[in-house]
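The values are calculated or read from the model by the stated rules, or taken from the named source; none is laboratory data. All values reported here derive from a predicted model rather than from experimental measurement. As a convention, Cβ positions derive from the backbone with ideal geometry for all residues, glycine included, and neighbour counts pool all protein chains shown. Areas reflect the complete protein model, heavy atoms only, side chains present, ligands, DNA and RNA absent. Shrake-Rupley method; radii C 1.70, N 1.55, O 1.52, S 1.80 Å.
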Amino acid sequence: MREEEPPGTLATFTPSDGSVLLRAAPVSGFQGLMRLQDALQRIPAVRQATVEAYSQGEARLRLELSANVDSDEIADGLTTGLGQSAMVQEASEEERSITIAFG
């Protein structure tokens with residue numbers, strides 16, 4: 001059984017509702033940004049991850065989905081894909097956004 005989720009960190013996103021904005025930090029430089037984009041695109045429910053912005057170690061990407069996915073699945077996919085811990089700091093179905101922290 002899963003541990004109790006902190007409030008505001010579990011959200012489920014569906015492709016029919018549109019794209020999802022993902023913020024992630026810290027991301028180290030261009031190479032780190034490319035690794036993040038690649039890891040996101042390896043998550044089965046993510047059709048495409050497009051970089052929108054990168055500044056001072058924070059990346060912002062737009063995710064196009066091919067299947068329903070929840071915020072924990074995205075974090076787990078990043079943990080596996082990058083080999084470092086990725087935790088959901090904040091997620092909102094209403095705002096279609098997720099914030100990931102690496103640590």
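General remarks:
- So Q48, is it in contact with a strand residue (DSSP E or B) (Cβ under 6 Å, 6 or more places away or on another chain), part of a loop (DSSP other than H, G, I, E, B) and surrounded by fewer than 16 Cβ atoms within 10 Å (Cβ to Cβ): no
- Of the residues in the range 60-70, at least one is in contact with a Lys or Arg (Cβ under 9 Å, 6 or more places away or on another chain), at pLDDT 95 or above, under 16 Å from A101 (Cβ atoms) and open to solvent by 50 Å² or more (accessible area, probe 1.4 Å).
- Search result, residues across the range 33-45 that are open to solvent by 80 Å² or more (accessible area, probe 1.4 Å) and either in contact (Cβ under 8 Å) with a residue 60 or more places away in the chain or assigned to a helix (DSSP H, G or I) (or both): R35, Q41
- Residue match in the range 20-32 (condition: in contact (Cβ under 8 Å) with a residue 40 or more places away in the chain, crowded, with 17+ Cβ neighbours inside 10 Å, assigned to a helix (DSSP H, G or I) and in contact with a Gly (Cβ under 9 Å, 6 or more places away or on another chain)): no
- Answer from Q84, Q56 - the residue that is on the phi > 0 side of the Ramachandran plot and either buried (at least 16 other Cβ atoms within 10 Å of the Cβ) or not charged (D, E, K, R) (or both): Q56
- Pair list, Cβ under 9 Å, 6 or more apart: the range 46-62 residue closer than 16 Å to A86 by Cβ, other residue among the basic types (K, R): A49/R62; E58/R23; A59/R23; R60/R23; L61/R23
So that you can scan it fast, the table gives a plain yes or no per residue for (1) in a strand (DSSP E or B); (2) among the charged types (D, E, K, R):
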site	(1), (2)
R62	yes, yes
A67	no, no
G77	no, no
Q84	no, no
V88	yes, no
A91	yes, no
E95	no, yes
I98	yes, no
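- Complete set of residues in the range 1-19 that are assigned to a loop (DSSP other than H, G, I, E, B), of a type outside the set (A, V, I, L, M, F, W, C) and at pLDDT 95 or above: T14, G18, S19
- Just one of the numbered conditions (1) of a type outside the set (A, V, I, L, M, F, W, C); (2) free of Cβ contacts under 8 Å to residues at least 40 places away in the same chain; (3) open to solvent by less than 30 Å² (accessible area, probe 1.4 Å) is not true of S92: (2).
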